[in-house]
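Since the structure comes first, as structure tokens, the remarks are kept for the end.
Please treat every number below as a calculation from the coordinates, not as lab data. Note that this is a predicted model, so its numbers are computed, not measured. Cβ placement follows ideal geometry from the backbone for every residue including glycine, while neighbour counts extend to all protein chains displayed.
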């Protein structure tokens, strides 16, 4: 497995320390000294075409996100609440007051969480959350303004270059991600790559159906003549259908990554136009052969509802892809008729499967806000993973903060969030309609 790491040259050792705990993984480095170099470094990293995943920080991701292939697993590492708390601890160790202070890059939520835990005066803390396109000049201007108004002894920064730009006007405490924070993001990325590989190696089922009875034998032969299915197990199934078993990667290749119908459906295989004309297909990927067939049958049922030569895929995670075929739109990831999940997932740095589950969860909530812990429980992940997921959704404008709750008399209030995936999908569909095509 090869993972690309995009880091500032001064932070390379920090990332190398985090990566030492991984075995069976090799790393390709793209180190930059100035932010203007990021795109060239990323282009060189991608030129090999052999990466299985990429880990990069907020700034490199915002500068180069349009260059990253849509199918490449990506993790965006960022400084965590612990890293901010450690920066404040260093300030106290230097004998400096905790406030007033200005802090860049961290979200308002993270700053408030740490400030509350340390019992600090929140009104004396100025924050500049990270935004795409934010320059060093913008960050420095923010700190200088706060220094001029409050005379702070120091600033807390995540951005490389702030210290040099301030030129001694104030001390700069760097709240960079610790090796532990980077290690957690790196491990999560490697697990995602491994799960993806496992999914590609899993067997899947396909159910093909013809509109007329008595033609399934010809359909079976037509499918056996398709080169990609040469090693697949193909048998008649039902009164007018054929079932095929093959690795999921075979069917993914056959359909052009779940975009187009196999050529046999359009009568171009072995010249057999009649038995394949108007055929539909359903693909299923599940934990067992029986479950895969059941999902494929459901997908075929859905394809027949369209009344055209189309196909659908349904996975055990609740993802539906379709319709595929010349008569349908390009590619849409759907869950109960949700569309446009692929491009939205790429924007958020999530897998379409994860985003589809979140879309389904949003529908079940019916507008009710949710806490990070409740989100984690609903998805079957840990609480820290739930909080990281909330941050990713917030960065992509797919969630909004909706107050807080305090279920227990003791302890800090829990922040609540309202998912906004449905509205983002609707906006994407509106853009696609307005421009005459889908953004895939």
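Some notes on this structure:
- Length released on extending from residue 135 to residue 378, taking residue separation times 0.36 nm less the Cα-Cα span: 83.7 nm
- Three-way shape label, the stretch 1-128, alpha-carbon gyration tensor, a/c 1.5: prolate
- With neighbour counts taken as other beta-carbon atoms within 10 Å, the residues 295, 176, 82 rank, fewest first, as 82, 176, 295.
- Segment residue 119..residue 402, full-extension length gain: 99.6 nm, with 0.36 nm per residue of separation and the alpha-carbon distance subtracted.
- Per-residue Cβ neighbour counts within 10 Å put 99, 77 in the sequence 99, 77, beginning with the fewest.
- Ranked by how many other Cβ atoms sit within 10 Å of their own Cβ, fewest first, the residues 324, 67 fall in the order 67, 324.
- Classified by the C-alpha gyration tensor, the stretch 1-57 has an oblate form. Its axis ratio a/c, with a ≥ b ≥ c, is 1.5 or above, and a/b does not exceed b/c.
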